[in-house]
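Single-structure report; data block below.
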Amino acid sequence: MDFRVNCIFFHRLLLIALLHLSNIHNCIGACDLSEGSWVIDPSYPLYDATTCPFIEKEFNCQKNGRPDQNYLSYRWQPSGCDLPRFDGLDFLRRFEGKSIMFIGDSLTRDQWQSLTCLLYTSAPNLNYNLTRVGMISTFTIKDYGVNVFLDRNAFLVDLVNETKGRILKLDSIEEGKNWEGMNMLVFNTWHWWNYRNAHQPWDYIQVGDLLLKDMDRMAAFERALGTWGGWVDTKVDPTKTMVFFQGISPNHYNGSDWNEPKANQCQGQTTPVSGSTYPGQYPPAVAVVKRALSKIQNPVTLLDVTTLSLLRKDGHPSIYGIGGANGMDCTHWCIAGVPDTWNQILYNIIVS
């Protein structure tokens, strides 16, 4: 009799727990995760960067000598709900035997690097393999057969070498063949679209049959997103593949944007912007991305990380990146750091 009562009690507790978990994820689905503020949480960061052996020098701020650690202890608190922690083992179970690919520029590499660390540190003694062939890196957790690819493709559309020079083809996306057959795709492009003169990686822009030395960069960006959107609609089976677009990741080179005009770019910043509103302007690409996504027929989820990242003027490598004191980096993000929250949001969207 006691055993039967205990069993009934246990099953009721289990049912309550499952209902509670379901309610959490239903709440997440109805909550705008892009609105909120950063709060101190002693249980953060989500992992110790020193236990992730493959962090690239560019992002490895602690190993590069960054003296402060407070930036690691901030948690994103959405205004309308709580954001559950990233559960690496649950993520691995959900994607067991499956493949994920990140496609984009070095900000995409930042997020990919974060996810590889989140997964690797989720359990002790996980077996992994990390390889690179050409522009594609492959990170594999062997215990679960999970592959996380990175395709270094800054524009999504094709950049090719021809006799006339390097041509950025806004209507061509032949590289898309590398993205087919994945279970999840995370895309990004923007950072390189405004580089000019010697820093721009092309000589000509091709639009249809026209070959141009230059054009309005926002128009070029939107045209390329339209080409990519066409690829999503024709090449992606939404019953087999989830598609995300990583929102615009901002930089912090002008202290006036966060009401510190005397700031030396992002160097020495140790705390986020307080509150939930960024005082400066938002990147103009944000509106272009949202407009482009609205025209795609297949489901594409915007990973809207712009506001939460704008508030993190303290999260960049600054002089603790690949260039050291001679190369101020207020564009990329320290690992561990802000991109872990991007992946935490990605995970919770998947679960919900």
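Taking the conditions (1) out of contact with any Phe, Trp or Tyr (no Cβ under 9 Å at 6 or more places or on another chain); (2) under 27 Å from Lys98 (Cα atoms); (3) in contact (Cβ under 8 Å) with a residue 40 or more places away in the chain in turn, Glu222 satisfies each one other than (2). Annotation note: of Asn188, Asn183, the sole residue that is crowded, with 17+ Cβ neighbours inside 10 Å, under 20 Å from the mean Cα position of the chain (by Cα), at pLDDT 95 or above and at negative phi is Asn188. Selection of strands (runs of 3 or more DSSP E) fully inside segment 141-212 by the criterion of at least 1 residues being of a type in the set (D, E, K, R) returns 146-152, 158-162, 165-169. Here Asp216 fits the description: surrounded by fewer than 18 Cβ atoms within 10 Å (Cβ to Cβ) and over 30 Å from Gly181 (Cβ atoms).
Within segment 293-324, the set of residues being touching a strand residue (DSSP E or B) at 6+ places or on another chain (Cβ under 9 Å), assigned to a loop (DSSP other than H, G, I, E, B) and buried (at least 21 other Cβ atoms within 10 Å of the Cβ) comprises Val300, Val305, Leu311, Arg312, Asp314, Gly315, His316, Pro317, Ile319, Tyr320, Gly321.
Of all the residues that make up segment 233-272, how many are part of a loop (DSSP other than H, G, I, E, B), among the hydrophobic types (A, V, I, L, M, F, W, C) and in contact (Cβ under 8 Å) with a residue 60 or more places away in the chain?
Restricting attention to segment 233-272, the residues satisfying the condition of being part of a loop (DSSP other than H, G, I, E, B) are 236-241, 247-254, 259-272.
Subsequent filtering for residues that are among the hydrophobic types (A, V, I, L, M, F, W, C) retains 236, 248, 263, 266.
Remaining after also requiring in contact (Cβ under 8 Å) with a residue 60 or more places away in the chain: 236, 266.
Result for segment 233-272: 2.
Among the residues of segment 110-130, those identified as assigned to a loop (DSSP other than H, G, I, E, B) and either under 17 Å from Asn60 (Cα atoms) or in contact (Cβ under 8 Å) with a residue 24 or more places away in the chain (or both) are Thr121, Ser122, Ala123.
The values are calculated or read from the model by the stated rules, or taken from the named source; none is laboratory data. It should be emphasised that the depicted structure is a prediction, and the values quoted were computed from it without experimental measurement. Virtual Cβ from ideal backbone geometry, glycine too; neighbours counted across all protein chains shown.
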